[in-house]
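Undergrad: Below is one structure. I have some questions about it.
The values are calculated or read from the model by the stated rules, or taken from the named source; none is laboratory data. For clarity, every value in this text was computed on a predicted model and none was experimentally measured. Note that each Cβ is placed from the backbone with ideal geometry, even for glycine, and that neighbours are counted across all protein chains shown.
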Amino acid sequence: MDRLLSPREPADEAPAAGVGFDVAAALDRLQRLPSLSLVALEILRHLEDPGIDARRLGGMIARDQGIAAAVLKLANSAFFGVSRRIATIADAIVVLGFHSTRSLILATTFIERFPITANGYDRTAFWRHAIGTGVCAKVLAQRLGHNGEEAFAAGLLHDIGRLVLDVCFPDELTSVLETRTRQACPLIAAERAVLGFDHAWLGEQLARRWQLPATMQQAIGRHHRPDDEEPAPRVDVVHLANVLSHALELDGSGDPVPPLAAGAWQRLGLGFDTLATLLPEIEQLNGHLNLMLETAPETEESAT
């Protein structure tokens, strides 16, 4: 928790803006990316549906062999200490838990869209932070009486625009990283200077293309600037989750902690003592979900 209060990355105002990209051209590059699986889309559409039970969830999983294999592999991992082999999706849901299984499916699906080894970009560190932010968002949301599953999905995808930069703008991303080093500015500021937009905006555009829920699109697009527009609870939760994930170093990178927006912190009404009580649950769930990285594909899926 000390890193929440320690000197942090400066505010994300950009240095003098560069030429940037034509927005239409930038959006056109998104067409290179694959669509979401039907299973992931169905689960996302039913995150708030209380009628979804383990039987229906099992039916969804069974329609995607890759997801089914990943769920069974995780249920049989040493982490859960099950003495017998888990051979059915129904038994796997019992071992993993209903809500955790939904989270695992989403994590698996998105990791498959952007596999870990590609173009030299550190996908493992990226997904560790993404999962950590999703976990923090889920635990925070549940503490506040909000929908934890939707918060997890939004937290998991909050930085998805950075992967889009790696896949669709590899040369420009190199310039962004050089600008960050040369000007000693936050990465998001370097993105705006080189491209004329940043990963949060780009991630929001992808979320629209994927037809994700509007609240999720908003949380992705505003997770660095929750106080700039009309307050939105999901945006505030994902913003705090991102800061907390960095502060707890859940990806192991030791990257600077981004600024905590005063308005979002005040609106959420949480104190540091409350956050401290949530840490054991965050750490346990984060360790659980990071096992998904062991089942992730090792080669890049061709984008269309």
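Undergrad: Criterion first (in a helix (DSSP H, G or I), of a type outside the set (Val, Ile, Thr), surrounded by 19 or more Cβ atoms within 10 Å (Cβ to Cβ) and modelled with pLDDT of 90 or more) does residue 182 satisfy it? Spell out the reasoning first.
TA: On the way: in a helix (DSSP H, G or I): yes; of a type outside the set (Val, Ile, Thr): yes; surrounded by 19 or more Cβ atoms within 10 Å (Cβ to Cβ): no; modelled with pLDDT of 90 or more: yes.
Here the answer is no, as residue 182 does not meet what is asked.
Undergrad: Still on this structure, I have one more. Which residues, taken from the stretch 191-213, are among the aromatic types (Phe, Trp, Tyr), closer than 19 Å to residue 130 by Cα and part of a loop (DSSP other than H, G, I, E, B)? Walk me through it before giving the result.
TA: Taking the stretch 191-213 as the starting set, the residues that turn out to be among the aromatic types (Phe, Trp, Tyr) are 197, 201, 210.
Remaining after also requiring closer than 19 Å to residue 130 by Cα: 201, 210.
The answer is 210, and nothing else.
Undergrad: Please state which of the following conditions residue 74 fails to meet, knowing it meets all the rest: (1) in contact with a Leu (Cβ under 6 Å, 6 or more places away or on another chain); (2) over 27 Å from residue 216 (Cβ atoms).
TA: Of (1) in contact with a Leu (Cβ under 6 Å, 6 or more places away or on another chain); (2) over 27 Å from residue 216 (Cβ atoms), only one is false for residue 74: (2).
Undergrad: Go through (1) in contact with a helix residue (DSSP H, G or I) (Cβ under 9 Å, 6 or more places away or on another chain); (2) part of a helix (DSSP H, G or I); (3) surrounded by fewer than 24 Cβ atoms within 10 Å (Cβ to Cβ) for residue 125 and report which single condition fails.
TA: (1)
Undergrad: In addition: Do you know which of the residues in the stretch 226-252 that are among the charged types (D, E, K, R) and modelled with pLDDT of 95 or more is nearest to residue 267 (Cα to Cα)? Give the derivation first.
TA: Kept after step one, since they are among the charged types (D, E, K, R), are these residues of the stretch 226-252: 227-230, 234, 236, 249, 251.
Those still in the list that are modelled with pLDDT of 95 or more too: 234, 236.
On the way: 234: 11, 236: 8 Å.
My answer is 236.
Undergrad: So, restricting to helices (runs of 4 or more DSSP H) that lie completely within the stretch 214-284, which ones have at least 1 residues that are crowded, with 18+ Cβ neighbours inside 10 Å, under 20 Å from the mean Cα position of the chain (by Cα) and charged (D, E, K, R)? Walk me through how you get there before you give the answer.
TA: Numbers: elements: 214-222, 233-247, 262-268.
Once the helices (runs of 4 or more DSSP H) in the stretch 214-284 are filtered for at least 1 residues that are crowded, with 18+ Cβ neighbours inside 10 Å, under 20 Å from the mean Cα position of the chain (by Cα) and charged (D, E, K, R), what remains is 214-222, 233-247.
To keep it simple, each residue is scored yes or no on (1) over 22 Å from residue 286 (Cα atoms); (2) assigned to a helix (DSSP H, G or I); (3) touching a Cys at 6+ places or on another chain (Cβ under 6 Å); (4) at pLDDT 80 or above.
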{"site": "35", "(1), (2), (3), (4)": "yes, no, no, no"}
{"site": "43", "(1), (2), (3), (4)": "no, yes, no, no"}
{"site": "51", "(1), (2), (3), (4)": "yes, no, no, no"}
{"site": "55", "(1), (2), (3), (4)": "yes, yes, no, yes"}
{"site": "59", "(1), (2), (3), (4)": "yes, yes, no, yes"}
{"site": "72", "(1), (2), (3), (4)": "no, yes, no, yes"}
{"site": "85", "(1), (2), (3), (4)": "yes, no, no, yes"}
{"site": "95", "(1), (2), (3), (4)": "no, yes, no, yes"}
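Undergrad: Residue check: is residue 29 closer than 30 Å to residue 194 by Cβ, at pLDDT below 70 and assigned to a helix (DSSP H, G or I)?
TA: Working: closer than 30 Å to residue 194 by Cβ: yes; at pLDDT below 70: no; assigned to a helix (DSSP H, G or I): yes.
No: the conditions fail for residue 29.
Undergrad: How many residues does the stretch 143-158 contain that are buried (at least 21 other Cβ atoms within 10 Å of the Cβ) and assigned to a loop (DSSP other than H, G, I, E, B)?
TA: Of the residues in the stretch 143-158, 2 are buried (at least 21 other Cβ atoms within 10 Å of the Cβ) and assigned to a loop (DSSP other than H, G, I, E, B).
Undergrad: Exactly one of (1) touching a residue at least 24 places away in the same chain (Cβ under 8 Å); (2) under 22 Å from residue 150 (Cβ atoms); (3) in a helix (DSSP H, G or I) is unmet by residue 287. Its number?
TA: Against the list (1) touching a residue at least 24 places away in the same chain (Cβ under 8 Å); (2) under 22 Å from residue 150 (Cβ atoms); (3) in a helix (DSSP H, G or I), residue 287 comes up short only on (2).
Undergrad: Being of a type in the set (A, V, I, L, M) and free of Cβ contacts under 8 Å to residues at least 60 places away in the same chain narrows it down to one residue among 27, 41, 72; which is it? Walk me through how you get there before you give the answer.
TA: Numbers: 27 fails: free of Cβ contacts under 8 Å to residues at least 60 places away in the same chain; 41 fails: free of Cβ contacts under 8 Å to residues at least 60 places away in the same chain.
Being of a type in the set (A, V, I, L, M) and free of Cβ contacts under 8 Å to residues at least 60 places away in the same chain holds for just one of 27, 41, 72, which is 72.
Undergrad: Also, quick follow-up: In the stretch 94-109, what count of residues is obtained for those that are touching a residue at least 60 places away in the same chain (Cβ under 8 Å) and buried (at least 23 other Cβ atoms within 10 Å of the Cβ)?
TA: Let us first name the residues in the stretch 94-109 that are touching a residue at least 60 places away in the same chain (Cβ under 8 Å), namely 100, 103-109.
Narrowing the set further to residues that are buried (at least 23 other Cβ atoms within 10 Å of the Cβ) leaves 103-108.
Residues in the stretch 94-109 being touching a residue at least 60 places away in the same chain (Cβ under 8 Å) and buried (at least 23 other Cβ atoms within 10 Å of the Cβ): 6 in total.
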